[in-house]
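Quick notes on the structure that follows.
The values are calculated or read from the model by the stated rules, or taken from the named source; none is laboratory data. Treat the numbers as computed from the prediction; the structure is a model and nothing was measured. Ideal geometry is used to build each Cβ from the backbone, glycine not excepted, and the neighbour counts take in all protein chains shown. We work out accessible area using only protein heavy atoms, side chains counted, and drop any ligands, DNA or RNA first. Shrake-Rupley method; radii C 1.70, N 1.55, O 1.52, S 1.80 Å.
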Amino acid sequence: MKPPFRGFTAVLLKEFTVVFRDPTTLFFMFFPPLIQIVAFGFALDNDVKHMATVVLNEDRTTESRQLVEKFVNTQTFRVVGEVQSVDELSAAIREGKAYVGLQIPPDFTRNLNAGRGAHVQVLIDGSSSTIALQALQTAMGLALRESLLTTMREARRTEMPVEVRPQMLYNPTMESAHFFVPGVMGIALQIATVFATALSVVRERERGTLENLLVAPLSRSGFMLGKLTPYLCISTTMAAGIFVVARWIFGIPIRGDLGALFLAVFLYVFTLLSLGLLISTRAQNHMQALQMTMALLLPAVFFSGFIFPIETMPAFFQWISTLIPATYFIELMRAIMLRGASFQDFWMHFVILGGMGLVLFALCALRFKQRIA
Amino acid sequence: MIHCEKLTKRFGHFTAVDHVSFSVGKGSIFGFLGPNGSGKSTVIRMLCGLLEPSEGRATVAGFDVARETDQIKSLIGYMSQKFSLYDELTVHENLTFYSRLYGLRGAALAQRREELIAMTHLKPYLNRRAALLSGGWRQRLAMACSLVHQPQVLFLDEPTAGIDPVARRELWDLLFEFSSHGITLFVTTHYMDEAERCSHVGYIYLSKLVVCGEPDDLKQLPVVNPPGTRRIDVTCDHVTVGLQAVRRLPGVRTATVFGQSMHLLIEEGMSEDVLREALARHNIPHADIRPIAPSLEDVFVALTNNPNGETQ
């Protein structure tokens with residue numbers, strides 16, 4: 001009779017001692033994710049504001065100056081200089097001094113007062129698409145509003161024919177950190193955990209201690225679980241640290257149930273650690289383990305909905321995103337933290353994450369057996 | 001205790017171990033010799049159940065290495081080539097870990113640990129990290145770790161590689177002690193002097209087992225002592241010059257330098273005076289010549305050159 005988890009306690013106790021005796025392992029598990037959270041949280045900001053704008057005002061009237069004022073009041077544009085010719089205007093954009101060029105032709109006020117179409121030229125640097133889009137929308141919106149107000153005055157109406165009153169739920173001030181930090185959490189946890197288990201087994205292989213373990217009467221799952229559990233504890237602690245940073249540094253609310261939140265973390269980390277173990281059954285040395293980890297984790301950065309919304313991806317990439325654990329975790333984080341969703345609302349996500357973890361873990365145990373048979 | 005029958009391991013097109021058959025009796029010290037890459041470690045790994053044989057079969061303590069690995073595991077100890085230990089752990093913690101791994105708990109664990117510490121004299125180093133031990137002490141610790149479960153057979157893969165001579169001698173003393181407790185030892189090495197200490201030796205060359213038996217029996221083999229020849233030791237000055245002087249003489253079959261002397265295999269009828277004259281011509285006036293028995297090295301050289309054991 002062989003107990004299914006034989007050797008578990010021995011490996012578990014040893015692994016805990018080794019981890020805490022080697023500060024570099026702990027450092028590399030804790031430090032990079034925290035740095036990532038802070039860096040991404042501050043730097044990744046797609047609220048485009050105060051774009052450098054140059055103005056070529058050939059009209060030089062009160063009305064034209066008021067128009068420039070209205071552009072600035074949208075908060076999207078910031079006048080960094082006035083130029084005297086069209087050439088100077090395009091040069092400023094080409095040289096990167098400004099993203100936007102605003103040209104008001106000499107006949108602007110005259111046409112406006114005469115009831116003819118008054119044209120304003122807006123040059124936008126299209127090489128950065130997010131910024132360009134924001135500038136375009138703001139400029140178009142401004143023009144539309146001005147036109148409407150003029151038409152209303154002429155028609156003597158005081159109210160807009162149709163008015164949309166948007167209300168932003170869950171993220172009323174539209175802080176992009178609220179959107180990004182739960183995503184970064186998924187990505188940051190991922191790198192630290194997969195490396196941790198992958199390297200801890202590969203290190204034993206490189207040093208030759210793995211052979212000693214294989215001649216000992218311990219079971220595969222006992223070994224795997226003994227390897228995995230210490231990192232499960234460490235990663236969960238790390239996740240708690242990340243929540244603290246998210247809550248107190250970025251002011252991101254945690255509206256949902258803490259229990260559900262940590263269940264999500266637990267299942268996600270278990271899945272990632274199992275993935276790390278699976279890598280370790282193939283990788284013969286550190287280098288291979290690093291390469292495999294990077295290759296497996298890179299898709300998550302693009303297809304997990306971390307930055308780019310999954311809904312707008314082509315069907316094939318949407319399908320890929322369903323295979324990535326981070327997809328479910330990030331969605332859960334956003335749902336629980338920002339929208340206060342409960343376990344019942346997203347139970348399917350929990351089941352999928354847990355299922356992925358179990359399948360990966362079972363796969364490790366099987367593959368590991370084959371390797372030494 | 002160990003039986004191999006046409007044991008074969010192939011890695012792709014490369015045959016690492018080619019139809020190797022031998023037996024090791026209970027309580028013996030079996031020295032397994034061969035140059036690097038000849039297949040020694042592969043044989044050990046198959047016997048420990050780490051690799052599955054491609055062909056043939058082997059049993060350890062009556063259990064089949066391919067099918068009954070679980071039974072074998074609790075009966076064998078294995079010390080791999082690099083004395084793999086956990087560098088971050090102390091001597092004490094390494095021992096505790098391996099004891100737990102083999103299912104020892106509580107008082108039984110503590111008692112066994114004390115026994116091993118006493119046997120290997122590791123007491124002064126208990127709280128030292130394994131990383132900070134010198135080669136000889138690392139090896140002792142590795143050995144203690146492989147003995148926690150009182151195995152019947154201990155496999156040692158090049159236990160003395162990279163160890164200083166004093167530590168080597170001490171290790172062998174320790175091995176003899178284990179042997180006196182009835183443990184069967186299976187040791188790979190490429191040191192000939194270590195082979196001489198074994199009760200039985202096997203020599204593997206280019207994946208094939210060339211010979212296997214007791215050292216004294218092997219030295220009596222006809223291929224080692226071709227009829228009509230004798231072995232002599234010639235001690236003289238400038239031994240390398242002397243070798244050039246005598247090796248081309250008619251009647252000298254083989255000539256090898258051995259420290260300050262040469263070992264020659266010469267035809268029975270050849271006169272020692274012929275040798276002395278040849279040496280004198282090369283300005284070596286004095287030579288001390290005496291008959292010797294073949295060493296194991298002579299045995300292996302003879303068998304490598306003439307693996308089928310045919311007399312010339």
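Structure summary
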quantity: Accessible surface buried once A binds B (1.4 Å probe; total of both sides; Å²); calculated: 2600 Å²
quantity: Chain A: angle of helix A:8-21 to the longest principal axis, Cα-based, in degrees nearest 10; calculated: 50 degrees
quantity: Length-normalised contact order for region A:1-95 - Cα pairs under 8 Å, 6+ apart - percent; calculated: 25 percent
quantity: Listing of region B:66-88 residues, each with accessible area lower by at least 50 Å² in the full protein assembly than in the chain alone (probe 1.4 Å); calculated: B:LYS73, B:TYR78, B:SER84, B:TYR86, B:GLU88
quantity: Rounded Å value of the spacing that divides the Cα centres of region B:71-122 and region A:57-111; calculated: 81 Å
quantity: Residues whose placed amide H lies under 5 Å from that of A:MET51, excluding near-sequence neighbours; calculated: A:PHE77, A:ARG78
quantity: Heavy atoms of A:GLU311 accessible to a 1.4 Å probe, total area in Å² rounded to 10; calculated: 150 Å²
quantity: Percent RCO, i.e. relative contact order, over chain A, from Cα pairs under 8 Å lying at least 6 residues apart; calculated: 21 percent
quantity: Calculated from backbone phi, Karplus (6.51, -1.76, 1.60) coupling profile of region B:12-24 in Hz, x at Gly/Pro; calculated: x, 8, 8, 9, 7, 9, 10, 6, 8, 10, 6, 9, 10
quantity: Counted charge near A:THR322, where neighbours are those whose Cβ lies closer than 14 Å (Asp, Glu -1; Lys, Arg +1); calculated: -2
quantity: Pairwise label distance in nanometres, A:MET140 with B:ARG253, each label 7 Å out on the Cα-Cβ vector; calculated: 10.1 nm
quantity: Solvent-accessible area per residue for region A:5-74 (1.4 angstrom probe, square angstrom); calculated: 53 Å²
quantity: Listed residues A:GLU204, B:GLU52 arranged by accessible area, highest first, probe 1.4 Å; calculated: B:GLU52, A:GLU204
quantity: Orientation-averaged projected area, Cα convex hull of region A:51-155 (nm²); calculated: 6.3 nm²
quantity: Interface residues in region A:209-245 - accessible area drops by 20 Å² or more relative to the isolated chain, probe 1.4 Å; calculated: A:THR209, A:GLU211, A:ASN212, A:LEU213, A:LEU214, A:VAL215, A:ALA216, A:PRO217
quantity: Which of B:MET46, B:ALA58, B:SER84, positive extreme of dipole for region B:44-94 (C-beta unit charges); calculated: B:ALA58
quantity: Per residue accessible area in Å² of chain B, where ligands, DNA and RNA are left out and the probe is 1.4 Å; calculated: 45 Å²
quantity: Per-residue ³J(HN,Hα) for region B:174-183, Karplus 6.51 cos²θ - 1.76 cosθ + 1.60, θ = phi - 60°, Hz, x for Gly and Pro; calculated: 5, 4, 4, 5, 4, 4, 5, 7, x, 7
quantity: Region B:1-158: radius of gyration over Cα atoms, expressed as a fraction of 2.2 N^0.38 Å; calculated: 1.12
quantity: Leading residue at positive end of dipole, the protein assembly as shown (Cβ point charges), from A:PHE306, B:VAL234, B:ASN36; calculated: A:PHE306
quantity: Size descriptor, Kirkwood hydrodynamic radius, that averages inverse alpha-carbon separations across chain A, Å; calculated: 24.6 Å
quantity: Largest to smallest principal axis extent of the C-alpha atoms in the protein assembly as shown, angstrom; calculated: 137, 65, 47
quantity: With DNA, RNA and ligands ignored, accessible area of B:LYS82 (1.4 Å probe; Å², nearest 10); calculated: 120 Å²
quantity: Histogram of C-alpha separations across region B:120-234, 5 Å bin width, %; calculated: 2, 9, 17, 19, 17, 13, 9, 6, 4, 2, 1, 0, 0
quantity: Phi to ³J(HN,Hα) by Karplus 6.51 cos²θ - 1.76 cosθ + 1.60 over region B:192-206, Hz, x for Gly, Pro; calculated: 5, 5, 6, 4, 4, 7, 7, 7, 9, 9, x, 10, 10, 9, 6
quantity: All-pairs alpha carbon distance profile, region A:44-107, 10 Å steps from 0, percent; calculated: 23, 51, 23, 3, 0
quantity: Region B:226-293 - percent relative contact order, Cα under 8 Å, separation 6 or more; calculated: 44 percent
quantity: Candidate lysines for bridging to B:LYS9, where Cα separation is under 28 Å - those fewer than 8 sequence places away on the same chain excluded; calculated: A:LYS369, B:LYS26, B:LYS40, B:LYS73, B:LYS82, B:LYS208
quantity: Modelled FRET efficiency - R0 35 Å, A:THR74 with A:THR237, Cβ distances, 0.05 increments; calculated: 0.20
quantity: In Å², nearest 10: area of B:SER199 left accessible to a 1.4 Å probe; calculated: 50 Å²
quantity: Solvent exposure, largest accessible area first (probe 1.4 Å, DNA, RNA and ligands not counted), of B:ARG290, A:ARG116; calculated: A:ARG116, B:ARG290
quantity: Most to least accessible of B:CYS212, A:CYS364 (protein chains only, probe 1.4 Å); calculated: B:CYS212, A:CYS364
quantity: Charge dipole (debye, nearest 20) of region B:21-150; +1 at Cβ of Lys and Arg, -1 at Cβ of Asp and Glu; calculated: 320 debye
quantity: Nonlocal amide H pairs with A:LEU56, under 5 Å, H built at 1.01 Å; calculated: A:VAL83, A:LEU102, A:GLN103, A:ILE104
quantity: Formal net charge of residues neighbouring A:GLU206 (Cβ-Cβ distance under 13 Å; K, R +1; D, E -1); calculated: +1
quantity: Cα centroid separation, region A:244-314 to region B:245-274 (Å); calculated: 75 Å
quantity: Charge dipole (debye, nearest 20) of chain A; +1 at Cβ of Lys and Arg, -1 at Cβ of Asp and Glu; calculated: 1500 debye
quantity: Solvent-accessible area per residue, Å², over region A:165-293 with all protein chains present [probe radius 1.4 Å]; calculated: 34 Å²
quantity: For region B:226-293, alpha-carbon Rg relative to the globular expectation (2.2 N^0.38 Å, N residues); calculated: 0.97
quantity: Check: region A:51-155 dipole with +1 on Lys, Arg Cβ and -1 on Asp, Glu Cβ, in debye; calculated: 260 debye
quantity: With every protein chain in place, the protein assembly as shown: carbon and sulfur % of accessible area (1.4 Å); calculated: 57 percent
quantity: Average silhouette area of region A:219-335, convex hull of alpha-carbon atoms, in square nanometres; calculated: 8.9 nm²
quantity: Approximate shape of region B:59-108 as ellipsoid semi-axes (Cα gyration tensor, √5λ), whole Å, largest first; calculated: 25, 16, 7
quantity: Mean projected area in nm² (Cα convex hull; one quarter of hull surface) for chain B; calculated: 18.8 nm²
quantity: Neighbour net charge for B:ARG290 - beta-carbon separation under 12 angstrom, K R +1, D E -1; calculated: -1
quantity: Estimated FRET transfer efficiency (B:LEU221, B:ASP164; beta-carbon r; R0 45 Å; 0.05); calculated: 0.85
quantity: Residues in region B:240-272 that a label on B:ASP233 would reach, taking backbone N under 15 Å of a point 7 Å out along Cα→Cβ; calculated: B:256-265
